[in-house]
Amino acid sequence: MNHEYHRWYSPRLGRDMGLHLYGHYGAPILVFPTSGGDENEYAGQGMIAALAHHIDAGRVKFFCVNSMNNESWYDKQAHPRHRSYVQAMYDAYIAFEVAPFIRHQCRSADIGITTSGASFGGYHAANTLFKHPETFKRCLALSGVYDIRRFMDGDYDDNFYFNNPVDYVANLPDGYQLDRLRGCDIRLATGTGPYEDSGPTYQFSDVLARRGIHHTVDNWGPDGGHDWPYWKRQMNEYVARLY
């Protein structure tokens, strides 16, 4: 399997950010880590090994990024508006640094990129696609959360609004962005397995339905637990079915 590690200084974030690339060919999938994870998590939790047969077959190519969760939403020592500002800068890093890097690696200036992530990574996967549907065309959000106002301690500002999917998606005007979203493949996975709370998924689904945004809620039942063994099974089936 082709494996590359890339790292560069992000002027938006003011720090070096690392990225793992797995695969030589195939549809690009951008992977966000869970709340406490980094770019090493996907391999460290055995997900790359579980999906290696798809990667080696040239069906998909994974790009695993770091997060800024500990400097944004999870930094309880910082002012809430600093948390939302860091998230806004992270979103810009993904859209204007990582996405062009992925397209360069795929030798395509306009290839559609899939976003994916589990738990808090599901939030980032959804938020990224919904903010940038001209670049990201498919979302595989597993056990995600889509309303993160609890991280703001009762505060609220524009950076938060435009990074809280249940808020800004509910108010999207008719036009370019909404039309683009209606052409995306949006899949929200949940279930009734251990530690899983399907409430956030169905809450977000209601928002999407009200805006006429086609999507699927995949309820995996007992196979929809909130842990890596469940997410491995789900991703294996998604890749087999969609790519």
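What follows is calculated from the coordinates using simple rules that are stated; it is not laboratory data. All of these numbers come straight from a predicted model, not from anything done at the bench. Glycine gets a Cβ as well: all are built from the backbone with ideal geometry, and neighbour counts include every protein chain shown.
Magnitude of the Cβ-charge dipole of the chain, K/R +1 and D/E -1, about the Cα centre, nearest 20 debye? List each step's numbers first, then the result.
Working: 23 positive and 28 negative charges, 103 e Å.
Value, rounded to 20: 500 debye.
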Karplus couplings for the range 143-157 from phi (6.51 cos²θ - 1.76 cosθ + 1.60, θ = phi - 60°), rounded to Hz, Gly and Pro as x? 6, x, 10, 10, 10, 10, 5, 5, 7, 9, 6, x, 7, 6, 8
Through the Karplus equation 6.51 cos²θ - 1.76 cosθ + 1.60, θ set to phi - 60°, convert the phi angles of the range 49-62 into ³J(HN,Hα) values in whole Hz; use x for Gly and Pro. 4, 5, 10, 4, 5, 6, 5, 5, 7, x, 7, 9, 9, 9
Could you point to the residue in His24, Asn171, Gly121 farthest towards the positive end of the chain's charge dipole, with +1 and -1 charges on the Cβ of Lys/Arg and Asp/Glu respectively? His24
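Rounded to the nearest 500 deg cm²/dmol, what is the calculated helix-only ellipticity per residue at 222 nm for the chain, with -39500 (n - 2.57) per DSSP H run of length n ≥ 4? Mind showing how you got there, number by number?
Numbers: 11 runs with 87 residues, N = 243.
One gets -9500 deg cm²/dmol as the mean residue ellipticity at 222 nm.
Using the Cβ atoms and a cut-off under 15 Å, what net charge is assigned to the surroundings of Asp174, where Lys and Arg are +1 and Asp and Glu are -1?
Values: positive: Arg180, Arg182, Arg210, Arg211; negative: Asp179.
Net of charged neighbours comes to +3.
Compute, for the range 46-146, the length of the dipole vector about the Cα centre, with Cβ point charges of +1 (Lys, Arg) and -1 (Asp, Glu) only. Units Debye, rounded to 20. Could the numbers behind the result be given before it?
On the way: 10 positive and 7 negative charges, 28 e Å.
Its charge dipole is roughly 140 debye.
Which percent, nearest 5, of DSSP beta bridges in the range 3-242 are antiparallel? Let's see the in-between values first.
On the way: 12 of 36 bridges.
Antiparallel: roughly 35 percent of the beta bridges in the range 3-242.
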Pick out, from Ala49, Ser35, Val145, the residue whose Cα sits farthest towards the positive end of the charge dipole of the chain, with +1 on the Cβ of Lys and Arg and -1 on the Cβ of Asp and Glu. Ala49
Using per-residue counts of other Cβ atoms within 10 Å, averaged over each peptide, order 8-21, 107-120 from highest down. 107-120, 8-21
Tell me the relative contact order for the chain as a rounded percent, counting alpha carbon contacts under 8 Å between residues six or more apart. 17
Largest fluctuation, Tyr156, Tyr230, Tyr22 only, Gaussian network model of the chain with Cα springs under 10 angstrom, belongs to Tyr156
Considering amide H positions built from the backbone, and no H for Pro or chain starts, which residues 5 or more places from Gly117, or on another chain, come under 5 Å of its amide H? Phe32, Leu140, Leu142
In sequence order, what are the phi-derived ³J(HN,Hα) couplings for the range 101-116 according to the Karplus relation 6.51 cos²θ - 1.76 cosθ + 1.60 with θ = phi - 60°, rounded to whole Hz, with x for glycine and proline? 4, 4, 5, 5, 5, 8, 6, 8, 7, 9, 4, x, 10, 8, 9, 8
Determine which lysines satisfy two conditions relative to Lys61: a Cα distance under 28 Å, and not lying fewer than 8 residues away in the same chain. Lys131, Lys137, Lys232
